[in-house]
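See structure below.
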Amino acid sequence: MERVDKILQHPVFIKELAHIGELEKERRYCRHSIIHLLDVARISYIYNLEENGGLPKDIIYGTALLHDIGKGIQYEDGTPHNISSADLAKGILADCGYNEDESQMMLEAIYLHRKFVETDNYLARILYRADKKSRACYSCEVCEECHWDETKKNLSLDY
Ligand SMILES: [Fe+2]
Ligand SMILES: [Fe+2]
């Protein structure tokens, strides 16, 4: 997982993750820490194994680690974080050795992760599902107040 380790050490990744942590210190709803990013990576990878998706592990983990990395920018200037995350991820993926085709697939998955859309991009489909499935809405104290619509909330434990 050499390329994934490079993402973890990338200065932009480190800076933005710390930025998000700072801005979410008092947040009552779901956070976007490394815990969430890894939950999404691992559930995506389980889907890939269960469904014989055939995607390489470092593509899945790289995408999951970066899918919310623009959340701090969203808090600050209102840019939807699927867009700010894809923008930041572009440079990081190039620096970490992902080629043009890989990067394109990964960036599309990040770009599409917030809203359900029909797509041929399997990575985008599992990222969307894992992102929702990773949240423990079934055991959340502020579930009633959460702005997520009911179709997105994860009310059963599968993984
Ligand atoms: Fe997100
Ligand atoms: Fe997420």
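General observations
- From Arg135, Arg129, Arg114, Arg125, residue being touching a Pro at 6+ places or on another chain (Cβ under 8 Å) and either touching a residue at least 60 places away in the same chain (Cβ under 8 Å) or among the charged types (D, E, K, R) (or both): Arg114
- Selection count where residues are buried (at least 20 other Cβ atoms within 10 Å of the Cβ) and more than 16 Å from ligand 2 (Cβ to nearest atom), scope the stretch 66-102: 4
- Meets criteria (among the acidic types (Asp, Glu), on the phi < 0 side of the Ramachandran plot and open to solvent by less than 20 Å² (accessible area, probe 1.4 Å)) for Asp158: no
- Listed by first and then second residue, the pairs linking a residue in the stretch 82-103 that is over 10 Å from Ile7 (Cα atoms) to a residue that is within 16 Å of ligand 2 (Cβ to nearest atom) and open to solvent by 60 Å² or more (accessible area, probe 1.4 Å), with Cβ atoms under 6 Å apart and 6 or more places separating them unless they lie on different chains, are Asn82/Tyr111; Asn82/Arg114; Ala86/Tyr111.
- Put simply, of Glu102, Glu108 the only residue that is within 25 Å of Lys152 (Cα to Cα) and either of a type in the set (Val, Ile, Thr) or in a helix (DSSP H, G or I) (or both) is Glu108.
- Enumeration of residues in the stretch 37-59 that are closer than 18 Å to Asn121 by Cβ and within 16 Å of ligand 1 (Cβ to nearest atom): Val40, Ala41, Ile43, Ser44
- For the stretch 134-155, a residue qualifies if it is farther than 15 Å from His113 by Cα and either surrounded by 10 or more Cβ atoms within 10 Å (Cβ to Cβ) or small (Gly, Ala, Ser) (or both), and the qualifying residues are Ala136, Cys137, Tyr138, Ser139, Cys140, Val142, Cys143, Cys146, Asn154, Leu155.
- Looking only at the stretch 142-159, and only at residues there that are touching a Lys or Arg at 6+ places or on another chain (Cβ under 9 Å) and either part of a helix (DSSP H, G or I) or of a type in the set (Asp, Glu) (or both), the one that is nearest to Lys57 (Cα to Cα): Asp158
- Residue ID - farthest from His113 (Cα to Cα), chosen from residues in the stretch 11-62 that are part of a loop (DSSP other than H, G, I, E, B) and open to solvent by less than 60 Å² (accessible area, probe 1.4 Å): Glu24
- Counted residues, the stretch 17-36 - those being of a type in the set (A, V, I, L, M) and within 24 Å of Ile126 (Cβ to Cβ): 4
- Considering the conditions (1) over 16 Å from Arg31 (Cβ atoms); (2) charged (D, E, K, R); (3) buried (at least 17 other Cβ atoms within 10 Å of the Cβ), Asp120 is excluded by exactly one of them, (3).
- Taken over the stretch 111-141, the criterion of being in a helix (DSSP H, G or I), at pLDDT 95 or above and over 20 Å from Leu49 (Cα atoms) is satisfied by Tyr111 alone.
The values are calculated or read from the model by the stated rules, or taken from the named source; none is laboratory data. Since this is a predicted model, take the numbers as computed values, not measurements. FYI the Cβ positions are ideal-geometry reconstructions off the backbone, even for glycines, and counts take in every protein chain you see. SASA here: full protein model, heavy atoms, side chains in, ligands and nucleic acids out. Shrake-Rupley method; radii C 1.70, N 1.55, O 1.52, S 1.80 Å.
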